[in-house]
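The values are calculated or read from the model by the stated rules, or taken from the named source; none is laboratory data. Quick caveat, the model's predicted, so the values are computed rather than measured. Heads up, the Cβs are rebuilt from the backbone with ideal geometry, glycines too, and the neighbour counts pull from every protein chain shown. Please note that ligands, DNA and RNA were not included when accessible areas were found on the heavy atoms of the full protein model with its side chains. Shrake-Rupley method; radii C 1.70, N 1.55, O 1.52, S 1.80 Å.
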Amino acid sequence: MTGDARFKSRADRGPSSFKFNQRPGALMILFALFAAALLVAAPASTQVSESARAQRTELYQGRQAVASEVLVKFRDSATRDGIGRAAQDADVELDEEIAGPGIRLFRSRSKDVATLIAELSARPDVAYAEPNYILFADLIPNDTSFGSLWGLRNTGQVIGGVAGTAGADISATPAWDITTGSRANVVGVVDTGLDYNHPDLAANVWSAPSAFTVTMGSTTINCPAGSHGFNAITNTCDPLDDNNHGTHCSGTIGAVGNNGVGVAGVNWTASIMGLKFLSASGSGSTANAIKAIEFAIQAKQIFGVDANVRVLSNSWGGGGFSQALLDEINKANTNDMLFAAAAGNNASNNDLTPFYPASYNAPNVMAVAATTNRDQLASFSNFGATSVDLGAPGSNILSTVIGNSYAFFSGTSMATPHVSGAAALVLSECPSLDTAALKSNLLANVDPLASLSGKVATGGRLNVNKALLGCGSAPAPDFSLSASPSSRTVAPGAGTSYGVTVTSSGGFTGTVTFSASGLPGGASASFTPASVAGSGSSTMNVTTDSTTPVGSYTLTITGTSGSLVHSASVTLVVANGDFSLSATPASRTVARRQSTTYTVTVTPTGGFSGTVGFTVSGLSGGATASFSPTSVNTSGSTTMTVTAGNGRGTSTLTITGTSGSLQHTTSVTLTVSK
């Protein structure tokens, strides 16, 4: 069925359908008075017209129902006729028999559905009282390839030669009966860019309402009116995609729906900002990722509601831990932005081997695994019982690509925009949700799956319809806990500190007190302040003594407020000193099959006296690398010689220095020009 046809409850027909039962008799009057006493008359200020009543709905246990109305089944006919004419002057605004003897429709002037059900169910003459639920027809768009979008509507169709399982989807079609999206909330796609000319995307692309200026460090960038985002590689305001990946993710979030062509996104109506930091080859640097996120933050600060970035979609990952990137993600959280991130495609456990940015311990990060059209964890997908939040469709996903085309891609990269799109769809219905409440809503309303039990924290797959039905309910007061940096290194007898942040949600105003566990022998921890009221931060100071054993320790920080308990984990490395790693120059350009060099420097701290060995990752196109010397004792430098292969393009090379349990990284860029 196309269009917005829906099955409506009888209450939607308007006041002409309803007539009060006016049968005379003493028993009728007795029960009328009883009803008048039960349903206390409302003050005049709460009364509304019938036309206004017909439009009102409320949520009852997460589902839409006609406001202030209940269906009641009485146990006998005498009682059935008992709420009569006298009740017209009390709180009973409507009393109508429907569907034969015994079932009546009541409407109250002042009480909500939950109150009516509680009061009427307590009466001995009532068999049951229930909501007058709103019912809908599933809204199906007329986009020609919609039948291939199993992640949105899985009927068991065959995709990539595999027959699906009906219902193994995010329940988009019933969600669209509630909302099909909005341009009020912007989704920033941090990726390879966006084909803003694609006819299935163009109407849903964000455009700058006027010329404006952003500042990246010492660089000022002037953006024209009508521009669609940012290119962090060229420091321009043109995020045109030259790879396909970002355009594919954007189509899942917000390809125009019901336009008779191509595909439909989770949002038929959307506002997508292109934030390009990945090159045509699909690689990029941490610095440029930070700049892309920073652009979204500054644009929001400049334009307000005209660039209301609420969601950042991040289908990328790799490299080591970066405090600078984590700081920027936390800055996005401060600016009310959810950070949806791909869990990775290595079939590995992120609890054991972190995959960044999905593994960053920030309150706005949602790590997403990929599921198949049979509701199984995809064979390539990373997972993590504590570090990955939920699953979403990510195998054989059809979406937009550059050049007015469409293609099937697989990966947690494809799962992430389902979550980003769902977040935007929820915000279109419940725009007052802050980031903490939005994340909590999505995670609390998954479909539990046996295949994801013990694999992701929720044990479930995204369900946007449940999330929409639940978003209007006031979230319970709660808080989340995060800590940074994720790791510190000290020598025995030295001390260090971590920042601990409490983020409240649902109006939480309680006092959170802190404790720490997992400390090694001879170590202790204290918090300043010892507790935080509502949202706020504290510093955990860790001290060691000369007897503290060398090793790596996981410290669990626990925040407690009454019955609410949440925790965050950090790593403490106790070592005989530490070192840092740097490399120069930051970038080199060579021709194919030619060589170039970088200088890698080891700087010791805290009495470090170990030997550091070197490795490099990120080489592409047949490139090779070697170090001379292969290791450095305590301090000094090595020369990394890189020989380019036949492939062209820009690669980010991650250099790792290792000494026992100590490991640090630094990055450089290699461009192969011709």
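Amide H to amide H, with H built 1.01 Å from N, Met273 comes under 5 Å of Val187, Gly188, Val189, Trp206, counting only residues 5 or more places away or on other chains. For the range 140-260, the per residue solvent-accessible surface stands at 33 Å², with DNA, RNA and ligands left out and a 1.4 Å probe. For the chain, the longest principal axis of the Cα atoms and the long axis of helix 323-334 meet at an angle of about 20 degrees.
Each Cα pair under 8 Å and six or more residues apart adds its sequence gap; the mean of these over the residue count of the range 230-291 is a relative contact order of 36 percent.
Using equal-weight Cα scatterers in the Debye expression, the normalised intensity of the range 613-674 in log10 at q = 0.27, 0.30 Å⁻¹ is -1.17, -1.34.
Across all directions, the average projected area of the convex hull around the alpha carbons of the range 557-636 is 9.1 nm². Size of the range 213-296: Rg and Dmax of its alpha carbons, in Å, are 14.1, 47. A crude spin-label estimate for the pair Arg374 and Thr213, with each label 7 Å from Cα along the Cβ direction, gives 5.9 nm. Note on the chain: helix-only mean residue ellipticity at 222 nm, from DSSP H runs of 4+ residues weighted -39500 (n - 2.57) and normalised by residue number, equals -5000 deg cm²/dmol.
Database remark: amide H of Ser497 closer than 5 angstrom to the amide H of Val542 (H placed geometrically; neighbours at sequence offset of 5 or more, or on other chains; Pro and chain starts carry no H). The value of relative contact order for the chain, using C-alpha pairs under 8 Å at least six residues apart, is 9 percent.
Here the Karplus relation 6.51 cos²θ - 1.76 cosθ + 1.60, evaluated at θ = phi - 60°, turns the backbone of the range 292-303 into coupling constants of 4, 5, 4, 4, 4, 5, 5, 4, 5, 5, 6, 9 Hz, with x for every Gly and Pro. For the range 155-198, the share of accessible area belonging to carbon and sulfur comes to 50 percent (1.4 Å probe, ligands and nucleic acids excluded). Here the calculated FRET efficiency for Thr386 and Lys73, from their Cβ-Cβ distance with R0 = 35 Å, stands at 0.15, rounded to the nearest 0.05.
Taken as Cα centroids, the range 359-418 and the range 602-629 sit 33 Å apart, rounded to the nearest whole angstrom. Placing dummy labels 7 Å off each Cα toward the beta-carbon, the span from Tyr133 to Thr234 is 5.3 nm.
Ordered by 1.4 Å accessible area with all protein chains kept, Ser561, Ser487 run largest first as Ser487, Ser561.
Computing Rg/Rh (Cα atoms, Kirkwood Rh) directly from the structure and comparing it against (i) 1.06; (ii) 1.32; (iii) 1.01 singles out (i). Lacking any other cysteine beta-carbon closer than 4.7 Å, the following Cys residues of the chain have no compatible partner: Cys249. The phi torsions of the range 230-247, fed into the Karplus equation with coefficients 6.51, -1.76 and 1.60 and a -60° offset, translate into couplings of 8, 10, 6, 6, 9, 6, 10, 9, 10, x, 4, 6, 10, 9, 3, 4, x, 5 Hz, rounded to whole numbers, with Gly and Pro shown as x.
Entry comment: accessible area of the range 424-578 is 38 Å² per residue, from protein heavy atoms only and a probe of 1.4 Å. When every alpha-carbon pair in the range 499-541 is counted, what percent end up more than 14 Å apart? Value for the range 499-541 (Cα pairs over 14 Å): 48 percent.
Each Lys or Arg adds one and each Asp or Glu subtracts one; over the other residues with Cβ under 11 Å from the Cβ of Val261, this totals -2. Which of Gly559, His248, Thr220 sits farthest toward the positive end of the charge dipole of the chain, with +1 on the Cβ of Lys and Arg and -1 on the Cβ of Asp and Glu? Sorting the options by dipole projection puts first His248. Its Cα gyration tensor gives the range 451-510 an equivalent ellipsoid. The semi-axes, each the square root of 5 times an eigenvalue, are 35, 20, 7 Å from largest down.
The lysine pair count for the chain, using Cα distances under 27 Å and pairs eight or more places apart or on different chains, is 22.
Under the rule a/c < 1.5 gives rounded, and otherwise a/b versus b/c splits prolate from oblate, where does the range 253-334 land using the Cα gyration tensor?
Note, shape of the range 253-334 comes out oblate.
Summed over the residues of the range 312-379 and divided among them, the accessible surface reaches 32 Å² per residue at a probe radius of 1.4 Å.
Extension gain, Ala280-Leu564: 0.36 nm per intervening residue step, less the Cα-Cα distance, totals 97.5 nm. Here the Karplus curve 6.51 cos²θ - 1.76 cosθ + 1.60, taken at θ = phi - 60°, turns the phi angles of the range 373-378 into couplings of 6, 10, 6, 9, 5, 4 Hz, with x standing for Gly and Pro. The H on the amide N of Asn244, modeled in the peptide plane, is under 5 Å from the matching H of Ile402, each at least 5 residues off or on a different chain. Summarising the overall dimensions of the range 388-438 from its C-alpha atoms, the Rg and Dmax are 13.5, 38 angstrom. Determine how large the accessible area of Ile140 is when every protein chain is in place; take a 1.4 Å probe and give Å² rounded to the nearest 10. Counting only protein heavy atoms, the figure is 30 Å².
Considering only alpha-carbon pairs that sit under 8 angstrom and 6 or more positions apart, the relative contact order computed for the range 556-674 is 29 percent.
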